[in-house]
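Taking it in order: structure first as structure tokens, then the write-up.
What follows draws every value from the coordinates through simple rules; no lab data is involved. Not measured: the values here are computed from a predicted model. Positions of Cβ are generated from backbone atoms using ideal geometry, with glycine treated the same way; all protein chains shown enter the neighbour counts.
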């Protein structure tokens, strides 16, 4: 009997040990599992698939599993909103506008993130923001809390220049690129009426206009009168909306005169500077296009210069000047340094370990120049090569096949952009990294064209930072543009534009926006003070 009891006890102990052993193995397995991060990144790589080299580099270095979600820029916010509403909330959520942050935070989709946490686990990222644009934290600010890591873009601190058909200027007897609003008028008039392409037909116009993209709408003309019409400005020490600012009626009167004389393409109100508006220029319908400095990329098949010359072999194009108005104003709307926001799913408020890991990924990518290069651009000799090894990027570089095709680069998530975020490097590197990757030719071009001095941003960086912007602003801006188009087409006067827009403004939330704009300066100062305290 005793022996049976002993055997039973031994068996029981053996079973318990086995269970404990199995439990230990189970725990060890769970402990060794890689953390999975769902990554809704910058929407510019819709053709990419999971498993790119850039993704694998991050996974290997940081010991995680990344599940990327690739969306196109077009309708990105709608797609993102549907995804969040479904309950399938990613860990990392790239937000394009502060109004989107406010809306998603209000719906409970986003995690609050303390400035101190960002500063502790991503000190280089935080330091870049503090040094370059602490006001960027207004983009991630909503209802008294911070909802992510804001971003910056060195591309966005300058005005965007237009392009002229230089051969047309020569053909109509003009020997220089226009530098004033009057010289611009003279050139546009002759482009419309003096047969600049020499085909004996009355089939050309001076310019078109981009109404589809409000931020490029006749921006250089408004700039010549000291106005950014769809942004908050400071005039005479007061915050004023650009749609009512001094100079707005003078600019509209100028455009109305140009339109009445046929200088502006009759279909300008449907033009998109990135689509059919560009095609009007490349095909030879118009001789000037605005805001297209980014479309003069040597070697790119989509470059404005190559496309224009391909269609018109004798064509020459020249970079525009920021034309000066009667009182010496010039420039175009620009976004300023702040751009976009990296937010996090609300569930990360209860998963600090994952939040910290994502911040560490940001930090470990940005502060390691060699690793940053590999994630951004791939490998020298495989994906790209220097033109001059000694000069490095100052001497330029070439993409190697098949990566010399921008579509292929997008597919593999590689990019030469060090001035702005990319999918797997969602935080912008330092200015030093950016400067090191700007070729000497591009550097000189930026200086020659005084881009930084002629970029005019909203005084809050974007009008969307106002608390009620998501509710009122987009509708008001759309109504403003509709009334402005009627004034340019001569259906109403510029004074009637002010009268009609003011009535809509007061009826549809504009007074609330003005009240918030008057108070926003104090809020921004408080945010900056807190940000810079860490």
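Taken as Cα centroids, region 475-534 and region 127-205 sit 22 Å apart, rounded to the nearest whole angstrom.
Axis of helix 76-85 versus longest Cα principal axis of the chain: the two differ by about 30°, to the nearest ten degrees. Using the Cα coordinates of the chain, the gyration tensor eigenvalues translate into equivalent-ellipsoid semi-axes of 51, 29, 20 Å, sorted from longest to shortest. Put in line by how crowded their Cβ is, counting other Cβ atoms within 10 Å and starting with the fewest, 330, 410 read 410, 330.
Among 71-78, 174-181, sorting by the average number of other beta carbon atoms lying within 10 angstrom of each residue, highest first, gives 174-181, 71-78.
Fewest neighbouring Cβ atoms within 10 Å first, the residues 460, 371 line up as 371, 460. Rounded to the nearest 0.05, the FRET efficiency derived from the C-beta distance between residue 350 and residue 482 at R0 = 41 Å is 0.35. How far, in degrees from 0 to 90, does helix 494-507 lean away from the longest principal axis of the Cα atoms of the chain, to the nearest 10? Taking the Cα atoms of the chain, the angle to 494-507 is about 30 degrees. Axis angle, to the nearest 10 degrees, between helix 53-62 and the longest C-alpha principal axis of the chain: 40 degrees. The Rg/Rh ratio for region 313-402 is 1.17, where Rg is the radius of gyration of the alpha carbons and Rh is the Kirkwood radius. For the pair residue 522 and residue 406, a Förster radius of 45 Å applied to the C-beta separation gives a FRET efficiency near 0.50, rounded to the nearest 0.05. Judged by the mean number of other Cβ atoms found within 10 Å, the most tightly packed of the peptides 479-492, 310-323, 217-230 leads the ranking 217-230, 479-492, 310-323.
Normalised by the number of residues in the chain, the mean separation of alpha-carbon contacts (under 8 Å, six or more apart) gives a relative contact order of 22 percent. Cβ-to-Cβ counts within 10 Å put 285, 260, 86 in ascending order as 86, 260, 285, the fewest first. Eigenvalues of the alpha-carbon gyration tensor of region 381-433, scaled by 5 and square-rooted, set the equivalent ellipsoid semi-axes at 19, 18, 7 angstrom, largest first. The gain in end-to-end length when the residue 367 to residue 182 segment is fully stretched comes to 61.7 nm, 0.36 nm per residue minus the alpha carbon separation.
Give the average over all directions of the projected area of the C-alpha convex hull of region 150-268, one decimal, in nm². About 9.3 nm², averaged over all directions. Net length available on complete extension from residue 175 to residue 431 is 88.4 nm, with 0.36 nm assigned per residue and the Cα-Cα distance removed. Take the Cα of residue 276, step 7 Å toward its Cβ, do the same at residue 468, and the gap between the two points is 3.6 nm. For region 44-133, the normalised intensity computed at q = 0.11 Å⁻¹ comes to -0.43 (log10 of I(q)/I(0), Debye sum over alpha carbons, equal scatterers, no solvent).
The calculated FRET efficiency for residue 236 paired with residue 85, based on their beta-carbon distance and R0 = 45 Å, is about 0.50. Sketch the reach of a paramagnetic label on residue 61 as a point 7 Å from Cα along Cα-to-Cβ, and name the residues of region 361-405 whose backbone nitrogen lies under 11 Å away. In region 361-405, the label zone of residue 61 (backbone N under 11 Å from the point 7 Å along Cα→Cβ) covers 361-377.
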